[in-house]
Amino acid sequence: MLCQLCGNHPASASFIKIVNGELKEFHICEQCAKKQEENIKGISNKVLNEQLLSNVLEGEPSDSPIMEKELVRDTRCPKCGLTYSQFAKTGRAGCVECYIQFADSLPTLLLRNHGTATHHGKVPKRKKTLIRDKQQLERLKKELQSLIEEEKYEQAAIIRDQIQELEKRVAGQ
Amino acid sequence: MTMSFYRFIEQAASGWMKGEGPDSDVVISSRIRVARNLHEYVFPIQANHEQSNMALREILQASRQLDFHNFGEFEWFTLRELNDLEKHLLVEKHLISPQLANSSRNGAVILSDDESISIMVNEEDHLRIQCMLPGLQLQKAWDLAGQIDDVFESQLDYAYDEKIGYLTSCSTNVGTGLRASVMVHLPALVITEQINSIFFAMNQIGLVVRGMYGEGSDAYGNIFQISNQITLGKSEEEMIHTLYGVVNQIIEHERTARRRLLTESGRSLTNLISRSFGILSFATMIDSKEAAQRLSDVRLGIDLDIIRGVSIDTMNELMVRTQPAFIQQFAGQDLNAEDRDVYRAKIIRESLAPRDF
């Protein structure tokens with residue numbers, strides 16, 4: 001495949017850009033990749049300074065460096081400092097917070113790697129307990145409501161204590 | 001350094017090298033690895049010294065409080081305590097990864113006394129739980145790794161998302177964090193030139209084939225590692241089942257190819273194997289590539305009952321003992337490439353020599 005930017009050299013790198021909020025992948029040659037990298041560096045700094053770059057350009061890539069004309073949202077993970085472009089380039093997250101910060105691009109990335117974006121495997125036991133506890137809490141609250149309506153206050157007090165106990169446990173988890 | 005550490009590096013033999021597992025004529029070992037991270041801490045690659053140290057301390061503290069006695073006695077070592085040779089010995093025994101040895105910050109390893117369980121701390125992920133068993137025993141290795149995972153989970157707050165599962169440093173491991181792999185010896189499929197089409201087919205169904213020392217290493221000595229690529233979207237059992245099914249087919253193909261070789265070209269096969277046995281028994285210099293190839297020939301000879309009096313265990317041990325760090329330890333000094341070839345030949349000669357006279 002030839003470079004999608006210059007069309008002169010064989011493509012050896014891939015490049016992700018945001019078009020209309022969607023991630024698109026382009027295959028580009030080494031020379032163009034270098035140019036893009038320099039542009040990204042320049043622009044990331046600019047983003048950090050200005051927080052926002054509102055320089056939108058849509059459409060197909062042309063032979064001029066795309067990053068100059070395009071909206072770049074290079075957010076930075078507040079917990080570990082990883083930038084979105086680093087995450088998109090390497091597919092590596094720096095911490096749990098990255099998965100929240102960069103959640104928008106996650107389905108695309110996971111689909112590319114795994115063909116799916118939903119986990120069907122093991123669930124940690126403690127999380128299982130948490131989910132069960134939350135469900136139990138809902139049930140007890142409903143029960144409490146109906147006991148109060150029926151003016152069965154003694155039983156309601158027992159349920160209330162159980163709810164408090166369970167709420168503590170859920171908060172602890 | 002505790003005395004017990006030296007036990008791990010002085011002997012080349014690990015539990016997985018006992019050639020008594022199921023289908024051990026083709027499958028050398030089965031390995032399960034699960035990747036886990038702690039919710040609170042920055043993942044190892046992005047973490048600074050202090051952050052990775054906190055994660056290490058929390059994991060070691062948890063492992064002291066937890067009850068691992070069902071799984072054997074455990075020892076732990078920080079990578080900082082080890083010199084380069086010691087690290088590479090552990091790599092050559094497959095107890096730690098090259099990445100943990102070379103580039104981890106505050107890395108550590110927790111090892112079971114029979115070396116079937118190795119838990120790496122602060123490699124690419126906070127925790128990498130590995131179980132390695134001889135022969136084709138994927139399910140058993142998964143049971144073991146899963147139980148250890150449960151014990152850790154009772155004490156540690158894992159990074160987990162209800163939708164996408166266990167959160168890992170690299171998005172290619174997200175979901176189950178599971179890598180199931182088997183190390184297979186496929187000489188007959190290589191000789192009969194069927195190997196490439198088989199590997200091609202495996203890639204099509206999402207399995208990866210690598211050389212015996214993992215990513216980036218060549219497939220010396222007809223030994224390959226087959227593992228799952230995808231970690232998301234299926235249960236661990238399904239993934240393991242798929243790999244198990246494919247490996248079973250490969251075993252059958254390999255056995256068929258061996259039988260065919262014996263019937264159609266038995267004389268030249270016996271000659272090839274006997275020559276390799278002769279060279280290994282008497283050579284005074286041998287490079288790693290030739291050694292791997294000849295050891296593969298002899299291993300095939302043992303499986304086909306052409307070579308007698310040498311065990312598969314010896315072959316497994318030699319596979320590890322002929323690697324650079326083990327040779328250097330054997331020699332007790334730094335070696336150049338030529339010295340290494342001399343010592344490699346000596347190690348092999350001594351292992352294969354008949355012990356009765």
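For segment B:165-177, the set of residues classified as surrounded by 22 or more Cβ atoms within 10 Å (Cβ to Cβ), over 12 Å from A:Val123 (Cβ atoms) and at the interface with another protein chain (Cβ under 7 Å from one of its Cβ atoms) consists of B:Leu167, B:Ser169, B:Ser171, B:Val174, listed by residue number.
B:Asp125 falls short of the stated requirement of being without any contact (Cβ under 8 Å) to a residue 60 or more places away in the chain and more than 10 Å from chain A (Cβ to nearest Cβ). Per the conditions (1) within 22 Å of A:Tyr99 (Cβ to Cβ); (2) outside any helix (DSSP H, G or I), the sole criterion not satisfied by B:Gln51 is (2).
How many of the residues in segment B:172-211 are within 21 Å of the chain's Cα centre (by Cα) and of a type in the set (D, E, K, R)? The qualifying residues number 2.
Please specify each residue of segment B:70-92 satisfying the condition of being surrounded by fewer than 20 Cβ atoms within 10 Å (Cβ to Cβ) and out of contact with any helix residue (DSSP H, G or I) (no Cβ under 7 Å at 6 or more places or on another chain). Correct list: B:Asn70, B:Gly72, B:Glu73, B:Phe74, B:Thr78, B:Arg80, B:Glu81, B:Asn83, B:Asp84.
Looking only at residues that are of a type in the set (D, E, K, R) and in contact with a Gly (Cβ under 8 Å, 6 or more places away or on another chain) in segment B:93-126, which one is surrounded by the most Cβ atoms within 10 Å (Cβ to Cβ)? It comes out as B:Asp125.
Residue count for segment B:60-79 under the criterion of being part of a helix (DSSP H, G or I), closer than 20 Å to B:Asn37 by Cβ, of a type outside the set (Ser, Thr, Tyr) and in contact (Cβ under 8 Å) with a residue 12 or more places away in the chain: the result is 4. Within segment B:224-277, can you find the residues that are away from every other protein chain (no Cβ under 14 Å) and among the acidic types (Asp, Glu)? Selection gives B:Glu252, B:Glu254, B:Glu264. Of all residues in segment B:281-293, those satisfying the criterion of being part of a helix (DSSP H, G or I) and over 16 Å from B:Val184 (Cα atoms) are B:Ser281, B:Phe282, B:Ser288, B:Lys289, B:Glu290, B:Ala291. Where helices (runs of 4 or more DSSP H) fall entirely within segment B:308-355, those with at least 1 residues that are touching a Ser or Thr at 6+ places or on another chain (Cβ under 7 Å) are at B:312-321, B:337-352.
Do you know which of the residues in segment A:82-103 that are of a type outside the set (Ser, Thr, Tyr) and in contact (Cβ under 8 Å) with a residue 40 or more places away in the chain is surrounded by the most Cβ atoms within 10 Å (Cβ to Cβ)? Looking at residues that are of a type outside the set (Ser, Thr, Tyr) and in contact (Cβ under 8 Å) with a residue 40 or more places away in the chain, I get A:Ala88. Consider segment A:112-147 and keep the residues that are closer than 19 Å to B:Leu178 by Cβ and out of contact with any Asp or Glu (no Cβ under 9 Å at 6 or more places or on another chain). The one that is farthest from the other protein chains (Cβ to nearest Cβ) is A:Lys128.
The residues on offer are B:Ala141, B:Ala101, and the sole one that is without any contact (Cβ under 8 Å) to a residue 24 or more places away in the chain, under 23 Å from B:Met17 (Cα atoms) and more than 14 Å from every other protein chain (Cβ to nearest Cβ) is B:Ala101. The combined condition, being outside any loop (DSSP other than H, G, I, E, B), in contact with a Leu (Cβ under 9 Å, 6 or more places away or on another chain) and at pLDDT 90 or above, is fulfilled by A:Ile159. Scanning segment B:149-156 turns up one or more residues that are aromatic (Phe, Trp, Tyr), within 14 Å of chain A (Cβ to nearest Cβ) and more than 19 Å from the chain's Cα centre (by Cα).
Scanning segment A:153-160 for residues that are within 30 Å of B:Gly177 (Cα to Cα), away from chain B (no Cβ under 13 Å) and not charged (D, E, K, R) turns up nothing.
The values are calculated or read from the model by the stated rules, or taken from the named source; none is laboratory data. Since this is a predicted model, take the numbers as computed values, not measurements. All Cβ positions, glycine included, derive from the backbone under ideal geometry; neighbour counts span all protein chains shown.
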